[in-house]
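Report on the structure given below.
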Amino acid sequence: MDYLNSRSSWLERANKLKPQLKHWTVSAKSIVKCIASESSWQKTEIKVLDSAATLKSKLYKTGDCFILDFGESLVGHVRIKLRPEGRNDSPLRLRVTAAEMPYEVSADFNKYNGSLSRSWLQDEVVNIDILPCSYDFPRRYSLRYLKVEILAAAGQIAFNEITVIAEAAEEVLPESPARLSEINKKIDQVALRTLRNCMQDVFEDGPKRDRRLWLGDLRLQAKANMQSFCQHELVERSILLMAAATDDDGRVPACIYTEPDLRHGNDLIDYALLFSDVVDDYVSATSNLKLGKELFPLVCRQFELFRPNLGDDGLVDEEITGGFIDWAQLNKQTAMQGVYIYSLKAAARLAVRLGFIDISDSLKTEADKLSFALKEHKYDKRKKIILSGPENEISYAGQVWPILAGVFPEDEACDILNSIESIPNAIVPQTPYMYHHLVEAYFYAGMESRAYDLIERYWGGMIARGADTFWEVFNPADEFLSPYRDALINSACHAWSCTPIYFFRNQ
Ligand code: RAM
């Protein structure tokens, strides 16, 4: 396992590719208030009270509070310039709450009851000893709104200016293709902002949470980036970091921590398999065959680690665990079978690029064997539906992944995607990650107009509910849905939602 010895050199090279972040200053646009509204998303509506330019002439005292809207979702540091009016003999105590969503800015964080740490929520209490001053908050926030509460002041306080010093590896959003409809241009720009705000030292999954590199998110970000910002060095850095964090068994992590030192985070077997697709996309975009050759053994190692999950019948274990697929209660057998075949085929493509023809052939043979087994044992030919696990469960994920893996020809894939619509209890996608794959399956099956309809309905649906970056979780029928038991912790600028960029330019 030679590649284990390469880990330190991969890390060194990744460090050299650290991007110089761009910084720009954005002033608050309006002073707003939140009102409870049954007809608004998450029951919260934003009403504009005044232009933010009027802020410097307003005076605030202990107990006062105001909310600013920056007019756009940003990632960066908040800067507050303030001056005392009248008595100035004590420190000033403020609480600020940075929020991505209207609901977040109005909620009481003390009632937070989610499964992830409360510390992800973006509020802070600060004591400012000397006034007047310009104060930069040390923590980086992902925000559109900022609530400022004056907890204790000697006299009155005026805020001369409140700005965000925004930061990301890119600043300017590329233009949308001219041929797109107005709504698709809007979707594209929101998707570009989502991707831009996640492009930091690495491709983060979400700049509010988890603020780190996940392989499944990286795969989609890299596809979108390849068609838009073309920041290949950030992709290379992210791939090298993933490879450098491989454990002693040769397992590529599902996520990594880069600070204070590189650490291997969680493991997810589907993400590890999809490493082949990430590397293949990168090599195809950059022709960097040298890196492809270095990483190829690691790509193949993920398959070796996965193979104990296969039975003699060529099927993935029917109760397989350890894969992500989607945030849904789901039997993952056939989805994982699809991911495995898809990943083998990506590695076979990569092998051809690298000139490893024999290896490519044997990867394809394995993929064909598993495709045959799936069709033989888990496909209801009459109903045109793929069944998963001991209970023959039917889910979108269980159809979509085998379709993307090329197990079925285009017309049959189309039949399958039509059949599942008439099955009342089929398990539906829960996240933009799974919706991305459903859209891709529609394109594969030649169902272009269905693909565009879904983009317009789902991603356009977020815009209709106020989004200017796309969310981690979106189910129009369940506005407080959260994989973490409390929607306050959801991320509203989430990498895996940025892929309309890719569809609009790739199809
Ligand atoms: C969450 C994040 C991330 C995703 C993993 C599986 O922590 O949303 O984007 O890849 O789950």
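Below 12 angstrom from the Cβ of K16, what's the summed charge of the other residues (Lys, Arg +1; Asp, Glu -1)? Result for the local shell: 0. A viscosity of 1.567 mPa s and a temperature of 4 °C, combined with the Kirkwood radius over Cα pairs in Stokes-Einstein, give a translational diffusion coefficient for region 111-224 of 74 µm²/s. Built from the Cα atoms of the chain, the convex hull projects on average onto 24.6 nm², one quarter of its surface area. Over region 24-125, Cα pairs under 8 Å with separation of 6+ residues give a relative contact order of 27 percent.
Packing, taken as the mean count of other beta carbons within 10 Å per residue, orders the peptides 481-490, 91-100 from highest to lowest as 91-100, 481-490. Reducing region 292-332 and region 336-354 to their Cα centroids gives an inter-centroid distance of 12 Å.
Pairs over the 30 Å Cα-Cα cut-off, from the set K223/K369; K186/K364; K33/K81; K208/K293; K185/K345: K186/K364; K208/K293; K185/K345. Using a probe of 1.4 angstrom and keeping all protein chains present, the accessible surface of region 22-168 works out to 45 square angstrom per residue.
Taking Cβ atoms as reference points and 15 Å as the exclusive limit, the residues near G355 contribute a net charge of 0, counting Lys and Arg as +1 and Asp and Glu as -1.
Straight-line cross-link partners of K111 among the aspartates and glutamates, defined as a Cα under 19 Å from its Cα and at least 8 positions apart when in the same chain: E100, D123, E124, E149, E479, D486. Its alpha carbons considered, region 22-168 gives a radius of gyration followed by a Dmax of 15.2, 47 Å. Centre-to-centre separation between the Cα atoms of region 392-457 and those of region 469-501: 20 Å. What FRET efficiency, computed as 1/(1 + (r/R0)^6) with R0 = 25 Å and r the Cβ-Cβ distance, is obtained for C65 and T25, rounded to the nearest 0.05? FRET efficiency, C65 to T25: 0.55. Heavy-atom surface analysis with a 1.4 Å probe gives the chain a carbon and sulfur content of 47 percent of its accessible area. Derived scalar couplings between HN and Hα for region 19-36 equal x, 7, 5, 8, 10, 8, 9, 10, 8, 4, 9, 9, 9, 10, 9, 9, 10, 5 Hz in order, rounded to whole Hz, by the Karplus curve 6.51 cos²θ - 1.76 cosθ + 1.60 (θ = phi - 60°), x for Gly and Pro. Across the chain, C-alpha contacts under 8 Å between residues 6 or more apart give a mean separation that, scaled by the residue count, equals a relative contact order of 17 percent. Highest average first, the peptides 204-213, 176-185 ordered by how many other beta carbon atoms sit within 10 Å of their residues are 204-213, 176-185.
Classify region 235-320 as rounded, prolate or oblate from the Cα gyration tensor: take a ≥ b ≥ c as the square roots of its eigenvalues, call it rounded if a/c is under 1.5, otherwise prolate when a/b beats b/c and oblate if not.
Because a/c hits 1.5 or more and a/b fails to exceed b/c, region 235-320 counts as oblate.
What number do you get for region 419-493 when its Cα radius of gyration is normalised by 2.2 N^0.38 Å, N = residues? Walk me through the intermediate numbers first.
On the way: Rg = 13.3 Å, N = 75, 2.2 N^0.38 = 11.3 Å.
So the Cα radius of gyration is 1.17 times the expected 2.2 N^0.38 Å.
Protection proxy ranking of 2-15, 159-172, by the mean of other Cβ atoms within 10 Å over each peptide's residues and highest first, is 159-172, 2-15.
Projecting the Cα atoms of Q221, S176, I239 onto the charge dipole of region 154-275 (Cβ charges, centred on the Cα centre) puts S176 farthest toward the positive pole.
The values are calculated or read from the model by the stated rules, or taken from the named source; none is laboratory data. This one's a predicted model, so the numbers in the text were calculated from it and none came from an experiment. Backbone-built Cβ (ideal geometry, glycine too); neighbour counts: all protein chains shown. Calculation scope for accessible area: heavy atoms of the full protein, side chains included, ligands and nucleic acids excluded. Shrake-Rupley method; radii C 1.70, N 1.55, O 1.52, S 1.80 Å.
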